[in-house]
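All remarks here apply to the structure that follows.
The values are calculated or read from the model by the stated rules, or taken from the named source; none is laboratory data. Since this is a predicted model, take the numbers as computed values, not measurements. Heads up, the Cβs are rebuilt from the backbone with ideal geometry, glycines too, and the neighbour counts pull from every protein chain shown. Just so you know, the surface numbers come from the protein's heavy atoms only, side chains and all, with ligands and any DNA or RNA stripped out. Shrake-Rupley method; radii C 1.70, N 1.55, O 1.52, S 1.80 Å.
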Amino acid sequence: MLGWLASGGAGGLHRRVWRGGSSSGTGTSSSSSSSSSSSSSRQQLILKQQFLEQQLVVEQQCYRCIADPTETNGPYPSDGSNSVNGAVSNILTSSGVVRSDIRSSFGSSTTTAPGVPLVLTITLVNSNMACAPLEGYAIYIWHCNRDGNYSLYSSGVTNENYLRGVQVTDANGQVTFTTIFPACYSGRYPHIHIEVYPSLAAATSYASSVLVSQMAMPSAICTAVYNNATGYTQSITNFAAVSTSSDNVFNTSTAAQLAQQTPSLAGSVTAGYTGTILVGVGA
């Protein structure tokens with residue numbers, strides 16, 4: 001954008017300022033000294049406007065790109081930080097966890113978690129370097145199913161590992177996961193967990209993560225899904241009793257942080273939803 005301003009964009013701005021001048025071009029010519037002075041004033045005005053416009057672009061970039069807040073990984077991360085039935089739970093070391101479609105279990109089970117489809121593209125950026133994309137980082141996400149249960153932990157799904165997966169960011173800092181819309185269980189606002197690692201090789205234990213955070217599902221989409229989709233009935237009452245301001249995780253986020261933590265989604269209950277979210281890391 002700044003390059004545009006310095007080249008063709010600046011020329012366009014020059015023309016706009018020129019048309020806004022007081023001379024109509026039809027009157028008697030001024031003296032050479034007066035003409036020179038007028039030209040100098042116009043040039044100063046152009047340079048000033050260019051500077052202000054460039055400054056606005058930089059300020060907007062900085063506002064759009066902030067570091068995501070650190071949040072708890074919760075009781076169901078399977079990242080090596082806790083145990084289930086006396087054994088450390090760590091799906092990050094399992095063959096098959098690196099995948100884009102996380103709706104089904106892998107390994108001993110191939111059960112697919114039912115629910116409204118959600119295709120989410122995550123863009124990982126360096127919040128300390130003008131939103132530069134971070135390539136080669138590993139992103140691990142996980143969330144509950146439409147009943148509010150977590151694979152590997154919750155009763156009835158301890159033998160499942162669906163709705164968990166890892167991907168490596170491309171040159172644009174992006175990964176895309178295909179999953180389902182998560183439920184709203186009692187006491188928590190609907191969310192998706194995320195952990196960021198500096199490389200795939202480092203993505204074997206929570207201790208190597210550079211960011212642990214959570215995404216807040218858009219309120220309007222939550223209402224649409226819970227009230228119209230099959231299998232989300234329990235979420236209706238739970239969602240009515242919670243908000244981001246009452247949630248014990250999102251209530252500490254600033255308005256700017258919460259805006260960045262909320263994905264932008266489009267679609268329908270019937271067709272499913274697609275969307276994007278920007279995740280900032282102070283790398």
* Structure fact -> By accessible area (1.4 Å), largest first, Phe239, Phe177 order as Phe239, Phe177
* Structure fact -> Karplus-derived 3J(HN,Hα) from phi for region 108-122 (6.51 cos²θ - 1.76 cosθ + 1.60, θ = phi - 60°), whole Hz, x at Gly and Pro, runs 6, 10, 10, 4, 9, 6, x, x, 5, x, 9, 10, 10, 9, 9
* Structure fact -> Surrounding charge for Ser186, neighbours by C-beta under 13 angstrom, Lys/Arg +1, Asp/Glu -1, total -1
* Asked: Once amide H atoms are placed 1.01 Å from N in the peptide plane, what residues at a sequence separation of 5 or more from Leu118, or on another chain, have their amide H within under 5 Å of its amide H?
  -> Thr179, Ile180, Phe181, Tyr273
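Rounded to the nearest 0.05, what FRET efficiency do Ile236 and Ala130 have when you use their Cβ-Cβ distance and R0 = 51 Å? Don't jump to the answer; show the numbers that get you there.
Details: r = 43 Å, r/R0 = 0.84.
Using R0 = 51 Å, I get an efficiency of 0.75.
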* **Residues Asn159 and Ser246, FRET efficiency given R0 of 35 Å [Cβ-Cβ distance, rounded to 0.05]** => 0.55
* To do: For Thr70, tell me the accessible area in Å² from a 1.4 Å probe, rounded to the nearest 10.
  => 110
* With an 8 Å cut-off on Cα pairs and a minimum separation of 6 or more residues, tell me the relative contact order of region 124-283 in percent. => 25
* Assuming R0 = 25 Å, can you tell me the calculated FRET efficiency for the pair Thr72 and Ala207, based on Cβ-Cβ distance, to the nearest 0.05? => 0.95
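Using 0.36 nm per residue of separation minus the Cα-Cα distance, give me the extension gain between Ala259 and Thr112 in nm, one decimal.
On the way: separation 147, 0.36 × 147 = 52.92 nm, distance 3.11 nm.
Result for the pair: 49.8 nm of gain on full extension.
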